[in-house]
Amino acid sequence: MKSEFIIGTRGSDLALWQANFVTSGLQKAFPDKTFEIRIIKTTGDERLDVALSKIGDKGLFTRQIETELLDGNIDLAVHSLKDLQTEQPEGLVIGAVCEREVPNDVFISKTVSSIADLPTGARVATGSLRRRSQLLNFRPDLKIEEIRGNVPTRLNRFNDSDLDGMILAYAGVHRLGLGAGVSHLIPFNIMLPAVGQGAVAIEVRDGDDAVQEVVSTLDHWPTRLCITAERAFLRRLEGGCQVPIGAHATVEGDDLRLEGMVGSLDGKTVYRKSDSGPWSEADAIGIRLAEMLIGMGADRLLAESRAEAETVAGAVI
């Protein structure tokens, strides 16, 4: 078996935290092997002055890393699972899914303790159309500001601004030890997370048994089941960065429950339902729930959202 492994990752603070987390776990399981982290810059890292909805699909943060993996320049890649496309490029597979962190979004404010406490017409920053839709559904009076950048950058920009609030993923804030400014863990009844939010994925070459054997030691089966259902839901809806889609799955005993939403960019229309069944049918549950929402009109809503995404985002903070 190989004794040296190269791990590909983005260079943001959070990406490096995740890569070091995986490295630590692998090093503990295989103390006689060597693991080296290699930083690879992606399109999403280079174009921080443009809204995500205007510059492409979920490959923004993964494509260059996946090319390095396919070319054999790295042995495995570590990603935020929510950045992955719903289907892996030919020749690649998800070798392991690490145990998930709390998947909720968090509300950050310098003046109030929750979204409900914001004054009428308050300005809230987010770079996510999913968050925009659900925020406006809950508080249609809010003004949404576009913000990009890694977690520390967004926090710094927020602290230097006169914005009333900002929404981030709990996992990123918590993992970087930046939770001091968090005002409120947003409950799922207000905001469902992105598919795979809070989970770390390890991508490997299909058929590379030596690497697969190593990374499988970090695979957390309940998390994998949940993200299988969530990704099937997203895949059936043909969703990406340009559309407001959220989902969250949980496993309890032999059962898996999945809740999903599709919304308009202005938040006026949100279709939301849940479905459940044996965890062995995780993929089928995701597809079935997506088809329920399609039956309610989600396909029309998503088509409208894709068309509107080009114009809805203003200047990036």
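The numbers here are math on the coordinates, done by the rules we state, and not lab data. Given the structure is predicted, the values throughout are model-derived calculations rather than measurements. Note that each Cβ is placed from the backbone with ideal geometry, even for glycine, and that neighbours are counted across all protein chains shown.
The count of lysine pairs in the chain whose Cα atoms are under 20 Å apart, excluding pairs fewer than 8 places apart on the same chain, comes to 10.
Using only C-alpha atoms and all pairs of different ones, pull out the Kirkwood radius for the stretch 165-298 in Å with one decimal. Result for the stretch 165-298, one decimal place: 16.3 Å. Other residues with beta-carbon under 12 Å from the beta-carbon of SER264 carry, at +1 per Lys or Arg and -1 per Asp or Glu, a net charge of +2.
Any idea what diffusion coefficient the stretch 60-162 gets from Stokes-Einstein, in µm²/s, Kirkwood Rh on alpha carbon pairs, 37 °C, 0.692 mPa s?
197 µm²/s
Under a model in which nothing but the beta-carbon of Lys, Arg (+1) and Asp, Glu (-1) is charged, the chain shows a dipole of about 900 debye around its Cα centre. If one computes the Cα centroid of the stretch 1-38 and of the stretch 96-144, what distance in Å separates the two points? Measuring centre to centre over Cα atoms gives 33 Å.
Sort 76-82, 121-127, 35-41 by the packing proxy (mean of other Cβ within 10 Å over each peptide's residues), most packed first.
Per-residue mean Cβ counts within 10 Å order the peptides as 76-82, 121-127, 35-41.
For the stretch 220-317, how big is the tail of P(r) above 24 Å, as a whole percent of Cα pairs? The answer is 26 percent, as a whole percent. Give me log10 I(q)/I(0) at q = 0.12, 0.18, 0.20, 0.26 Å⁻¹ for the stretch 140-202, Debye formula, one equal scatterer per alpha-carbon, no solvent. Normalising to I(0) and taking log10 leaves -0.34, -0.78, -0.96, -1.44. Where only DSSP H runs of four or more residues are counted, the chain gives -10500 deg cm²/dmol as its mean residue ellipticity at 222 nm, each run worth -39500 (n - 2.57).
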